[in-house]
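J.: I'd like to ask some things about the structure below.
The values are calculated or read from the model by the stated rules, or taken from the named source; none is laboratory data. It should be emphasised that the depicted structure is a prediction, and the values quoted were computed from it without experimental measurement. Counting neighbours? That spans all protein chains shown, and the Cβs are built from the backbone with ideal geometry, glycine included.
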């Protein structure tokens, strides 16, 4: 009898102890960097080391890519007075890709829009509407095609008065680099200020659920399920904006006018396997507007998107329609974008 | 005697382990956590008789953010930061989307409580 009791207790202990050890190793860290909030959550053996390493990596990249830090590569290019400036291979790779993406989007994304952003006060938060004369003077300074890149010497040259800024692409670029290194982990969630990237599989085997913020009220508008992980990046005119004289001015500028994009969209979410492309496209498609964005998707179907227009109607590309659900209590018209 | 001690010890281990697991699994009540530059400066239950509650947070660079906690939700009602992004964000009701005031390095987030079933947020 005693032996049986002992056995039962031993079994119970084993079950409990194994239950404890089944809890996988995990680590999570939140930091302020790159002018945003960054969260890394990693599960798997060595997760704490992995998180620490990636945080260090983010700080290193920030030092290269910052537009305001006097020691950065970008600052050196912007203060090169029209001369060639040697940069690190990471900065060169990022800027080369930024220029390529600018071409790809027909200039709707442009890494040289910074002087215009400054004129509107979006870089400091001291918002004001510039005069049309000021804007006219700025328009020729926004021109990605004037960025010269020399791969042999890893050097960059821009005309005097112009400025490059990788704010619209660097978070995606860094997310991709981190995601690539997370292959050995069980899974990872990388979130660089709303640039969300899920790597690997969830413990439960269920798909990841990414909440998309409602541009017109509090909370979520919809949830996107990602069975295989991937990136989701959202841009909209509802977070960084100001109002003056009854008009709303948002921070996403049209490179052609140097003024807030005259768009019929409120918010653009782009999902795909490359966060860099999602980052660039969320901005570019917002600038393009509904019709042009749909045409662009039909011509390049390696990403998917969720668009919300100024009437509140939601447009979802056909490929992800089954992975898309409106959040609890949200009622909107949802249209499918067919190829 | 030794056997009895052993059984007693094992039983204790079982109870302690089970308690530890239950404590871990059980939902901790939802709490609003306010941090400045990574340091927790205030924690307020997201539910209860003390609500609604208004709290002034002293952020970096002498900035101030006014936080309002109501039953089940929290927002930054006003702030003297230049960009007003934290105020524009409005109310949050779960842990996936913290309110962040970058200029003041203030984070207002909900910890604990029932899981919303959402892993990550974008917007």
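J.: Restricting to segment A:182-199, name every residue that is in a strand (DSSP E or B) and touching a residue at least 60 places away in the same chain (Cβ under 8 Å). Before you say what the answer is, go through the steps one by one.
T.: Narrowing segment A:182-199 to residues in a strand (DSSP E or B): A:187-192, A:195-199.
If the condition is that a residue be in a strand (DSSP E or B) and touching a residue at least 60 places away in the same chain (Cβ under 8 Å), then A:187, A:188, A:189, A:190, A:191, A:192, A:195, A:197 are the ones that fit.
J.: Continuing with the same structure: Collect the residues in segment A:81-108 that are crowded, with 16+ Cβ neighbours inside 10 Å and closer than 17 Å to residue A:143 by Cβ, keeping them in residue-number order.
T.: Scanning segment A:81-108 gives A:95, A:98, A:99, A:101, A:102, A:104, A:105, A:107, A:108.
J.: Out of A:191, A:195, I need the residue that is facing chain B (nearest Cβ under 9 Å), at pLDDT 95 or above and either buried (at least 20 other Cβ atoms within 10 Å of the Cβ) or in contact with a strand residue (DSSP E or B) (Cβ under 9 Å, 6 or more places away or on another chain) (or both). Which one?
T.: A:191
J.: Report, by residue number, each residue of segment A:35-59 that is within 10 Å of another protein chain (Cβ to nearest Cβ) and closer than 30 Å to residue A:124 by Cβ.
T.: A:35, A:36, A:37, A:39
J.: Is it the case that segment A:258-267 has a residue that's farther than 20 Å from residue B:83 by Cα and not in a loop (DSSP other than H, G, I, E, B)?
T.: yes
J.: Scanning segment A:125-137 for residues that are exposed (fewer than 13 other Cβ atoms within 10 Å of the Cβ) and within 14 Å of chain B (Cβ to nearest Cβ), which turns out farthest from the chain's Cα centre (by Cα)?
T.: By that ranking, first place goes to A:128.
J.: In segment B:99-119, what residues are surrounded by fewer than 19 Cβ atoms within 10 Å (Cβ to Cβ), more than 7 Å from chain A (Cβ to nearest Cβ) and closer than 25 Å to residue A:34 by Cβ?
T.: Passing the criteria: only B:111.
J.: Another question about this same structure. Among A:246, A:200, A:205, A:183, which is away from chain B (no Cβ under 14 Å) and on the phi > 0 side of the Ramachandran plot?
T.: Among A:246, A:200, A:205, A:183, only A:246 is away from chain B (no Cβ under 14 Å) and on the phi > 0 side of the Ramachandran plot.
J.: Right, something else. So which residues in segment A:208-217 are within 9 Å of another protein chain (Cβ to nearest Cβ), part of a loop (DSSP other than H, G, I, E, B) and either buried (at least 18 other Cβ atoms within 10 Å of the Cβ) or within 21 Å of the chain's Cα centre (by Cα) (or both), if there are any at all?
T.: Within segment A:208-217, A:214, A:215 qualify.
J.: Failed condition for residue B:62, given (1) facing chain A (nearest Cβ under 8 Å); (2) over 20 Å from residue A:122 (Cα atoms); (3) at pLDDT 90 or above, with all others met?
T.: Here residue B:62 clears every test but (1).
J.: Only residues in segment A:104-120 that are closer than 16 Å to residue A:249 by Cα count as the first member; pair them with residues that are surrounded by fewer than 24 Cβ atoms within 10 Å (Cβ to Cβ) and at pLDDT below 95, Cβ under 6 angstrom, at least 6 apart or cross-chain, and list the lot.
T.: Close Cβ pairs (under 6 Å, with a partner that is surrounded by fewer than 24 Cβ atoms within 10 Å (Cβ to Cβ) and at pLDDT below 95) amount to A:117/A:123.
J.: Among the residues of segment A:214-224, write down those that are touching a residue at least 60 places away in the same chain (Cβ under 8 Å) and closer than 18 Å to residue B:95 by Cα. First the steps, then the outcome.
T.: The first filter runs over segment A:214-224 and keeps only residues touching a residue at least 60 places away in the same chain (Cβ under 8 Å), leaving A:214-216, A:219-224.
Those that are touching a residue at least 60 places away in the same chain (Cβ under 8 Å) and closer than 18 Å to residue B:95 by Cα: A:214, A:219, A:220, A:221, A:222, A:223, A:224.
J.: Just to confirm my filter: which helices (runs of 4 or more DSSP H) fall fully inside segment A:1-115 and include at least 3 residues that are modelled with pLDDT of 95 or more?
T.: So the answer is A:47-65, A:73-78, A:89-104.
J.: To continue, here is another question. Has segment A:150-161 got at least one residue that is in contact (Cβ under 8 Å) with a residue 24 or more places away in the chain, buried (at least 20 other Cβ atoms within 10 Å of the Cβ) and assigned to a helix (DSSP H, G or I)?
T.: no
J.: Would you call residue A:161 in contact with a helix residue (DSSP H, G or I) (Cβ under 6 Å, 6 or more places away or on another chain) and over 26 Å from residue A:268 (Cα atoms)?
T.: So residue A:161 fits the description; yes.
J.: Let me ask something additional. Is at least one residue of segment B:96-113 farther than 26 Å from residue A:190 by Cβ and within 15 Å of the chain's Cα centre (by Cα)?
T.: Let us first name the residues in segment B:96-113 that are farther than 26 Å from residue A:190 by Cβ, namely none.
No.
J.: Looking at B:69, B:111, which is the one that is touching a residue at least 60 places away in the same chain (Cβ under 8 Å) and farther than 23 Å from residue A:122 by Cβ?
T.: B:111
J.: Which one of these does residue A:238 not meet: (1) in a strand (DSSP E or B); (2) facing chain B (nearest Cβ under 9 Å); (3) more than 20 Å from residue A:337 (Cα to Cα)?
T.: Tallying (1) in a strand (DSSP E or B); (2) facing chain B (nearest Cβ under 9 Å); (3) more than 20 Å from residue A:337 (Cα to Cα), residue A:238 fails exactly one: (1).
J.: May I ask you to verify whether residue B:83 is within 11 Å of chain A (Cβ to nearest Cβ), at pLDDT below 95 and within 18 Å of the chain's Cα centre (by Cα)?
T.: No.
J.: Is at least one residue of segment A:290-305 closer than 15 Å to residue A:120 by Cβ and surrounded by fewer than 23 Cβ atoms within 10 Å (Cβ to Cβ)?
T.: The answer is no; no qualifying residue exists.
J.: Being more than 14 Å from every other protein chain (Cβ to nearest Cβ), surrounded by fewer than 17 Cβ atoms within 10 Å (Cβ to Cβ) and within 20 Å of residue A:31 (Cα to Cα) is the filter here; which residues of segment B:28-41 pass it?
T.: B:41
J.: Quick check on residue A:232: is it in a strand (DSSP E or B), touching a strand residue (DSSP E or B) at 6+ places or on another chain (Cβ under 9 Å) and at pLDDT 95 or above?
T.: Yes; evaluated as a whole, the condition is true for this residue.
J.: Considering every residue within segment A:121-130, establish whether at least one is out of contact with any strand residue (DSSP E or B) (no Cβ under 7 Å at 6 or more places or on another chain) and assigned to a helix (DSSP H, G or I).
T.: Within segment A:121-130, the first condition is being out of contact with any strand residue (DSSP E or B) (no Cβ under 7 Å at 6 or more places or on another chain), and the residues that meet it are A:121-126, A:128, A:130.
Add one more test, that the residue is assigned to a helix (DSSP H, G or I), and what stays is none.
Checked against the condition, which is being out of contact with any strand residue (DSSP E or B) (no Cβ under 7 Å at 6 or more places or on another chain) and assigned to a helix (DSSP H, G or I), segment A:121-130 yields no hits at all.
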